[in-house]
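I'd like to ask some things about the structure below.
No lab work stands behind these numbers, since they all come straight from the coordinates. Source: prediction; values computed, not measured. Cβ atoms come from the backbone with ideal geometry, glycine included; neighbour counts cover every protein chain shown.
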Amino acid sequence: MRTMTFRATAAAAAVVLAGSLAACGGDDGDDSSAPEPNEDATFEAGTTMAKIQEAGTLRVGTKFDQPGFGLQGLEDDPEGFDVEIAKIIAAELGLDPESAIEYTQAPSEVREQVIEDGDVDMVVATYTINDERKQRISFAGPYYTAGQMLMVAEDNDTITAPEDLADNPDQQVCSVNGSTPSENIREYLASEDQLTLFDEYSQCVDALGNGQVDVVTTDNVILLGYVGDSDGAYKLVGEQFTEEPYGIGIKKGDTEFCEFINTALQDNEDAYLEAWENTAGKVEGTETPELPEPDACA
């Protein structure tokens, strides 16, 4: 038996995204004010920070389909907590966070690849730190800790916890290619045939809406955004059953850049909290986080 995998063409992905934006009103509710650039920022020649500052552009991979964290807005640029985290880092590099960031869509399956290929300087995209990914890239952070949950239709009383999935093999579960949630959920399934994978979570949500799948699983803060935008059509069930520390992905072994990012966030805790309150913090059911202590850079 094999997992069902779907990949959208560019045209199909555009249709999916348009549907997601329409459902969300095309706006992530972001009214945050970006931090001012650090005009005193100077860096040793040859470091990643110096190269970015000289280029005048910070290239950021993020997601475009996640309310509260990274959702493409009316002005085409994404909005959300991950975007605001990138703005804090850009400002500490001495760049204007409103004009000097170049965003690239980075779905789960391609995040390591865009870093390795040099397409981006960093990825801020609800990116769980784990040992497998550390074999290919390095992480700064974590800057937030989420937990995986399940989302179902409001009238679905069959699934109340992940343990119910194996007893109900007709209940199709959806997640995305290359994601931690898609790996975590496998132990709860009756078989691989119960799992449907798309490239983006918005596609899973659309599939839930049209009855193609019965359950969507990813991190709680992402699902809360979709529940909030559903006008009562969806609900979360059960408790969170994992811990997912979100990190900032960078090129493997770039310890200096990792340490710079960690310091930038720790030195801007007020901006971090403001960013949360103006983005993901507006989603009903979320709680204001404490900025975690960063892991050692390696």
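By a straight-distance test (C-alpha under 27 Å), which lysines pair with K282 as possible cross-link partners, with residues fewer than eight away in the same chain excluded?
Answer for K282, where 27 Å is the Cα cut-off: K63, K87, K235, listed by chain and number.
If you don't mind, another one. Once R0 is set to 22 Å, what does the formula 1/(1 + (r/R0)^6) return for the Cβ-Cβ distance between L273 and T104, expressed as a FRET efficiency to the nearest 0.05?
0.25
For region 208-292, what is the Kirkwood hydrodynamic radius in Å, using each pair of distinct C-alpha atoms?
15.6 Å
Checking the cross-link filter: which lysines have an alpha carbon closer than 16 Å to that of K252, excluding same-chain neighbours under 8 positions apart?
The reachable lysines, counting only those whose Cα sits under 16 Å from K252, are K134.
Taking the Cα atoms of region 203-245, what is the range of coordinates along each of the three principal axes, in descending order and whole Å?
31, 19, 18
Mind sorting C204, C258 by how few other Cβ atoms lie within 10 Å of their own Cβ, fewest first?
Values: C204 28, C258 25.
The fewest-first ordering by Cβ neighbours comes to C258, C204.
Here's another thing I want to ask about it. For the chain, what are the DSSP H helices with axial Cα length of 15 Å or more and mean Kyte-Doolittle hydropathy of at least -1.0?
Numbers: long enough: 10-23 (20 Å, 2.09); 81-92 (17 Å, 0.96); 255-266 (16 Å, 0.23).
Passing helices, by number: 10-23, 81-92, 255-266.
Separate question: Please return the longest stretch of the chain lacking exposed loop sites, where GluC sites (Glu not before Pro) count only if DSSP places them in a loop and at most 16 other Cβ atoms lie within 10 Å.
Counting at most 16 other Cβ atoms within 10 Å as exposed, the longest clean stretch of the chain is 155-238.
With each pseudo-label sitting 7 Å past Cα toward Cβ, what's the L74-S191 distance in nm, one decimal?
4.9 nm
Among G238, G253, C204, whose Cα sits farthest toward the positive end of the charge dipole of region 200-298 (+1 at Cβ of Lys/Arg, -1 at Cβ of Asp/Glu, about the Cα centre)?
The listed residue farthest towards the positive side: C204.
Here's another thing I want to ask about it. By DSSP, what percent of the beta bridges with both residues in the chain are antiparallel, rounded to the nearest 5? Don't jump to the answer; show the numbers that get you there.
Details: 23 of 38 bridges.
About 60 percent, rounded to the nearest 5.
Could you compute the FRET efficiency for N168 and Q113, with r as their C-beta to C-beta distance and R0 at 25 Å, rounded to 0.05? Don't jump to the answer; show the numbers that get you there.
Details: r = 35 Å, r/R0 = 1.41.
That pair, N168 with Q113, gives E of 0.10.
If you don't mind, there's one more thing I want to ask. Given labels modelled 7 Å from the Cα in the Cβ direction, how far is it in nm from Q212 to E239?
Between Q212 and E239, the label points sit 3.4 nm apart.
Right, another one. Relative contact order (percent) for the chain, with alpha-carbon contacts under 8 angstrom and 6 or more residues of separation?
27 percent
Something else: What FRET efficiency comes out for K134 versus D157 if R0 is 35 angstrom and r is the Cβ-Cβ distance? Round to the nearest 0.05.
Details: r = 40 Å, r/R0 = 1.15.
Given R0 = 35 Å and the Cβ-Cβ separation, E is 0.30.
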